[in-house]
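All remarks here apply to the structure that follows.
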Amino acid sequence: MRKLSAGLVTVDYAGKIVLFNRAAEMILETPEKTVKGKDYRRVLSGRTVELGRELRMVLDNGVGRPRAEVEIERLDGTFMPLGVSTATISGGEDGALGVIAIFQDISQTKALQEKVRRNDRLAAVGELSASIAHEIRNPLAAIAGSAQELAKERREGESRFSSEGDRLLELIIKESARLNRILGDFLSYARIGRIAYNKVDLCHVVVEALEMIRQHPSYNLDIEVSFLSTQSVIYVVGDEDQMKQIVFNLVLNAFEALGSVCSASKKIEIAVLKLPEGGRTLLSIHDNGPGIPQKALSKIFTPFYSTRNSGTGLGLAIVYRLSESMKVSLDVESSEGSGATFYLKFRNYLESGVSPIDQVAKTNPYPITAPE
């Protein structure tokens, strides 16, 4: 019983705890010696009250439940979902001994289910975004082209506008360009193409992404950008174009986060570190901006979600989809007022004569399709 990976608790019909195995101690963070022989209602209360309720239902009704889900609170304040099975224990002269509950941590299962649901939602949103973008882009091109032609005639003196007309024409051209960029984001999100796995210098990708950022309207000379790498060249396996877009979007997100900050010291720190174990290279992008509120952390990769007034809310959603498509680990650490750090782990390229796609396949539980 003590070697079971699942927690096991038995209670007699008087409500006294009879058995409390090692796994139960670990899951409930409660030593057996402090609970054995005590009333379950005193032991399974507070943090573990939902588990206590499952036992009470069986004691009251005499009928177990083959499957239930409850949530308990850990000592550190976080919550753990449990899968619970309960049943009555029969025996003895009166035929009744008590109740047994078997339970285990289902955090990974729940996380996987949520990941599948999220990916399904993202795929659906991607298809919808592509359809909408195509429908809007055609009339937008006609509007923008007409406005540019009018502006050209105005410069060549073939037509006259009032100062107000000139201002409105300039506004049409400017807003058409902005809308075109938004549609570009929609299409970037929707069109996650087939991955071309290759040997890629991650440091070179970062440098080129930074060059692209310098041409973006959000680039700000007041923001200090630093790039540190343990080696000048670090080869990883991936799709260079998709990797570049990931880095570009994350650095752009950092610039936009710092754009509203009133501080004399605005910094973006990028680091590439070849990890000593596991055949991985870590890329981190940190900004000392306002940070991300705790309640928003679970939503930042959701399409169209944004904590800022400007933007489409697709930048980080694109990062998520691209990293998922390449099976690159993506994590974020942040708290309000202390900036944000995004972490990406890439597989190192092995100089072994094995193709990059085969290298990924050896460590990847998902099926991979080779590029055409």
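The values are calculated or read from the model by the stated rules, or taken from the named source; none is laboratory data. Here the structure is a predicted model, which is why all the values come from computation and not from measurement. Please note: Cβ atoms are built from the backbone with ideal geometry, for glycine as well, and neighbour counts cover all protein chains shown.
Structural remarks
- Listed by first and then second residue, the pairs with beta-carbon distance under 7 Å, at least 6 apart or on different chains, first residue in the range 76-90 and touching a residue at least 40 places away in the same chain (Cβ under 8 Å) and outside any strand (DSSP E or B), second surrounded by fewer than 17 Cβ atoms within 10 Å (Cβ to Cβ) and aromatic (Phe, Trp, Tyr), form an empty list.
- Any hit, the range 46-56, residues being charged (D, E, K, R) and under 19 Å from Leu75 (Cβ atoms): yes
- Among residues of the range 18-46 that are within 19 Å of Glu71 (Cβ to Cβ), those with a beta-carbon under 6 Å from a residue that is among the β-branched types (Val, Ile, Thr) at least six positions away or on a different chain give the pairs Ala24/Val9; Leu28/Thr48; Tyr40/Val11; Tyr40/Ile17; Val43/Val35.
- Residues (hydrophobic (A, V, I, L, M, F, W, C) and part of a helix (DSSP H, G or I)) located in the range 21-63: Ala23, Ala24, Met26, Ile27, Leu28, Val43, Val49, Leu51, Leu55, Met57, Val58, Leu59
- Selected residue (only one of Gly289, Gly315 is in contact (Cβ under 8 Å) with a residue 24 or more places away in the chain and under 15 Å from the mean Cα position of the chain (by Cα)): Gly315
- The range 213-267, residues that are among the charged types (D, E, K, R) and farther than 20 Å from Arg347 by Cα: Arg214, Asp222, Glu224, Glu256, Lys266, Lys267
- Tally of residues being within 24 Å of the chain's Cα centre (by Cα) and either under 16 Å from Thr341 (Cα atoms) or outside the structural domain of Leu322 (by TED's automatic domain parsing) (or both) across the range 235-269: 16
- Given (1) assigned to a helix (DSSP H, G or I); (2) within 19 Å of Ile318 (Cα to Cα); (3) among the hydrophobic types (A, V, I, L, M, F, W, C), number of the condition Leu283 does not satisfy: (1)
- Of the residues making up the range 259-267, at least one is among the aliphatic types (A, V, I, L, M) and assigned to a loop (DSSP other than H, G, I, E, B).
- Here Glu211 meets the list (1) at pLDDT below 90; (2) more than 22 Å from Lys327 (Cα to Cα); (3) surrounded by fewer than 18 Cβ atoms within 10 Å (Cβ to Cβ) almost entirely, failing just condition (1).
- Meets criteria (over 16 Å from the mean Cα position of the chain (by Cα), in a strand (DSSP E or B) and assigned by TED's automatic domain parsing to the domain that holds Lys345) for Val272: yes
- Residues of the range 220-234 satisfying the condition of being within 27 Å of the chain's Cα centre (by Cα) and at pLDDT 90 or above: Ile223, Glu224, Val225, Ser226, Phe227, Leu228, Ser229, Ile234
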